[in-house]
Each structure stands twice: as C-alpha cells, then as structure tokens.
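Structure record follows, encoded as structure tokens.
The values are calculated or read from the model by the stated rules, or taken from the named source; none is laboratory data. Only a predicted model underlies this, so the values are computations on that prediction, with no experimental measurement involved. Note that we place each Cβ from the backbone using ideal geometry, even for glycine, and neighbour counts take in every protein chain shown.
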Amino acid sequence: MYCSGCGRAVEPHFQICPACGRPVAQAPVAALQPYNRVHRHIQTLGVLWAVYAVWSVMQWLLAATFLSAMFGGMGRNWGWGVNSGPFGEGFPFMHVPWFLPFVTVIVVARSMLAIVTGLALMRRAPWARTLALVTAFLTLLKPITGTALAIYTLWVLLPGYSAAEYEQISMG
C-alpha cells in the first residue's frame, strides 16, 4: 500500500502515513482480490455450453432428415442415392432399424449434459466446475465446435489455481 500524499510504501496496519502524517485509506477487501481468469470467462463458458447443446441437436436433426430422405424412401422415388454407388441398396446402417433412434438418444443425452453444464456454470453451482471438466473431456473428440469448446473449458477451469478461484466465485 502506498500513501496518496507522498507516495511512500505504508504498512497495511497503519492508519496514518509515518512520513507525511496523511490518513491512509484502507482498500476494500474486494479490491485486494484480483479479477481472475475464471471470473472473467465463467459466464461466457456457461452460455457457450448452452448454445452448443442447441447446435448439436440442430445438426442431428439436419443429418437425420438428410439420411432418412436419401436412404429411406425419397431417394428411390427421385432416382438417386439408393441403388447406385458403393452402398448398393442404401447406406449400410439404414438396414438396422434401431440406428437412427439410438444415435438420437445419444445426441439428446449429450445435449442435456451440455445444457446442465451451461446452466450450472451460469448459476455458479459448487459442483459445476467438476461437471464442466467431465463434459469437456467427453466432448473433446467432437470435431471443430466440440473440440474448440472443450479446449476453452479446459483452459479456463483445469489449472490448479482455477479450483480455488471457482470455489471463491461459487461461495460469493
């Protein structure tokens, strides 16, 4: 701490500067704590996880619609995609009736996990950091958007000092 009058260093327990006698203003406790990386990025991270969940569902709806149209009947009527190409009688997985519902359940479950992660981070839940790290590791191999979001999450929340910073934020 420094005196605002003479600029000399003053011990924190002094009320008056020993050099010039000017009263020393005590800094509030909040000012002594730095505005850390976790605090700067936690809201953005929560919003991105929620947006990522919606993005994943939209991607799957588009892909499922395309696959159903291409290999499920419309392609036969239009004369393309079903009886030609390397797949012969359609896409190999289309002969398995449970394929699309199975992938749909996985996509919805992953999206629900991302929504819960985003909401927990935005609400500063005490367990949200752990959930976000687990979700990030599970999402790391999802090309482009998932990988980028996972790396960003790990960059913000994985370092050791981030645990103490997040704990401070979640309690306050």
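Kindly evaluate VAL10 against the criterion of being modelled with pLDDT of 80 or more and surrounded by 11 or more Cβ atoms within 10 Å (Cβ to Cβ). Answer is no for this residue.
Annotation note: Cβ proximity below 8 Å between a residue of segment 47-63 that is modelled with pLDDT under 95 and a residue that is exposed (fewer than 13 other Cβ atoms within 10 Å of the Cβ) (sequence gap 6+ or interchain) occurs for no pair. Residues that are within 16 Å of LEU45 (Cβ to Cβ), assigned to a helix (DSSP H, G or I) and at pLDDT below 90: does segment 134-153 have at least one? No; the residues of segment 134-153 include none that is within 16 Å of LEU45 (Cβ to Cβ), assigned to a helix (DSSP H, G or I) and at pLDDT below 90.
Could you list all residues from segment 46-66 that are among the hydroxyl-bearing types (Ser, Thr, Tyr) and surrounded by fewer than 18 Cβ atoms within 10 Å (Cβ to Cβ)? Selection gives THR65 alone.
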